[in-house]
Amino acid sequence: MTHAFQAPKGTRDFYPPDMAVRRHLESVWRSVSINHGFEEVDGPTFEHLELYTVKSGPGIVSELFSFRRAGGKTEYALRPEFTPTLGRMVASAIKRLSPPVKWFSIPTMFRAERPQRGRLREHVQWNVDVVGDASPAAELEVLAVLIGVLRRFGLTDRDVTIKLSHRQVVTELLLGAGLDEARLPAAFDLLDRRDKLPAAEFDERAATLGLDAGTLEVFRPGGQSRIDPAGVSEHFGQLLSALDDAGLASWYTTDFGIVRGLAYYTGTVFEVHATSGRERAIAGGGRYDGLVELFGGPPTPAVGVAMGDVVLRLVLEETGRLSTPETYLPRPDVFVINLLETTGLRDRTVAELRDAGLHARHSHRATKKLGKLLSEADQLRARFAVILGREAEEGRAVVKDLAAAKEEEITLDTLATTLRDRCHAKPEDQP
RNA sequence: GCGACUGUAGCUCAGUUGGCAGAGCACCUGGUUGUGGUCCAGGAAGUCGGGGGUUCGAGUCCCCUCAGUCGCCCCA
């Protein structure tokens, strides 16, 4: 009895075109991170469950996939985020690391929640962290690589905005507005939910906390565009100046309605949003100076950001920055067409081309109709077609440049080296 | 955990008050000898998500179930 299996809820099968898009995203993340001087790390896909409950409390357990080995009692959990692993890794290796540590990773993450738009149970997430630098220079490095990635994807400061905030600034603004200190958590929670609540309900809840509508204007995007450096947060003021000096002013706006739910953020917090406003945050991050210490290391300042592939892809599609998935598949350098009755020459030719480092393919169809085979080469978007036909008797093959629609005869002896040189001379034309 | 909506060909979908399951795209073959996005002709292709019920008869109506999507909760 056969049984039709389906992928588990909230997971994805990556068939070749989707896998090619995923590799495109990952390659942008990776190459920009490296250009900015970050080094790639990874950790285990699952950790001890306590690694997450220590940081987020027991309530987190219902949000993640946890399990134990059959017969064992140790509890594990598939990683729902990378920051605890990073904190653990830094804490245990801090003595042989020379700060600032600049690491990035591209791990898969898991969460047990119900899937919805922009939110699945398994996704790929780019993480970047600067550990060991308490100055605004650390935030600047993280935001610079973040903007570098956005730009490389073709996004502009008109497509996306980084909403910058600072928890101490938010705290001071709330207290300054007359909020009772005991009500700070409730106020943070309310600010976090502003976009989800009807305006009237938001105002009503704010009023019960003792906050009037006028006071709340400062918590809107762009509200209070500059913080007095000598006032609320010198650190935040310096960060804004550094961003402006680096020429990145157009990429951010202050938004003190951004507080981020994570308890471990200690200062700067930020989110990247599409200006369309229709999607969840593309990326989020901030400063978490207490995390390494929490995992047994010395007090160590840190700043990080994370960007998931799901929302990113939605935004790239919405803004027209992603072409059809098929165009991300690797293009063959050479498509060998065999018009001869035997396959020996074809197989030797393909082998030589591959040995020369070229991406070489041939048809698996039985037809000898040249038109059909050229059509197949065209569909695969091959650069060159090599036709093995009657010229082979004189030791030559027809080489056709498929884009230029030009062809010439080349001796079989020099075929591999000639094509290798031509393909490598061409710039990468992946989209 | 709660709610709404949607499941028909590989893809996007149509299918009237229940009456023989369709279109476009894609695919395959041909339009006689070795030249690729066009054109013409033909062809293949579906347990109508699954199960049960009502009926002479169900893609269509009713119940259950599975899956997906979008919200709520939660959010790393």
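The values are calculated or read from the model by the stated rules, or taken from the named source; none is laboratory data. What you see is a predicted model, and the numbers here were worked out from it, not measured in a lab. Here Cβ is always computed from backbone atoms with ideal geometry, including for glycine, and neighbour counts include all displayed protein chains.
Quick notes on this structure:
- A:Val315 vs. criteria within 16 Å of RNA strand B (Cβ to nearest atom), in contact with a helix residue (DSSP H, G or I) (Cβ under 6 Å, 6 or more places away or on another chain) and over 23 Å from A:Ala186 (Cβ atoms): no
- The listed residues are A:Ala93, A:Ala7, A:Ala20, A:Ala77, and the only one of them that is small (Gly, Ala, Ser), under 23 Å from A:Leu312 (Cα atoms) and over 20 Å from the mean Cα position of the chain (by Cα) turns out to be A:Ala7.
- Restricting attention to region A:1-27, the residues that are on the phi < 0 side of the Ramachandran plot and in contact with a strand residue (DSSP E or B) (Cβ under 9 Å, 6 or more places away or on another chain) add up to 6.
- Scanning region A:158-173 for residues that are closer than 15 Å to A:Asp255 by Cβ and either at pLDDT 85 or above or touching a Pro at 6+ places or on another chain (Cβ under 9 Å) (or both) gives A:Val160, A:Thr161, A:Ile162, A:Lys163, A:Leu164, A:Ser165, A:His166, A:Arg167, A:Val169, A:Val170.
- Among the residues making up region A:337-368, those that are free of Cβ contacts under 8 Å to residues at least 24 places away in the same chain and either near RNA strand B (Cβ under 6 Å from one of its atoms) or in a helix (DSSP H, G or I) (or both) are A:Gly344, A:Asp347, A:Arg348, A:Val350, A:Ala351, A:Arg354, A:Thr367.
- Selection of region A:237-275 for residues being within 16 Å of RNA strand B (Cβ to nearest atom) and part of a loop (DSSP other than H, G, I, E, B) yields A:Asp255, A:Gly257, A:Ile258, A:Val259, A:Arg260, A:Gly261, A:Leu262, A:Ala263, A:Tyr264, A:Tyr265, A:Thr266, A:Gly267.
- Being out of contact with any Pro (no Cβ under 8 Å at 6 or more places or on another chain), assigned to a helix (DSSP H, G or I) and under 24 Å from A:Ala134 (Cβ atoms) is not true of A:Leu216.
- Some residue of region A:298-320 being closer than 30 Å to A:His424 by Cα, part of a loop (DSSP other than H, G, I, E, B) and either without any contact (Cβ under 8 Å) to a residue 40 or more places away in the chain or outside the structural domain of A:Phe38 (by TED's automatic domain parsing) (or both): yes
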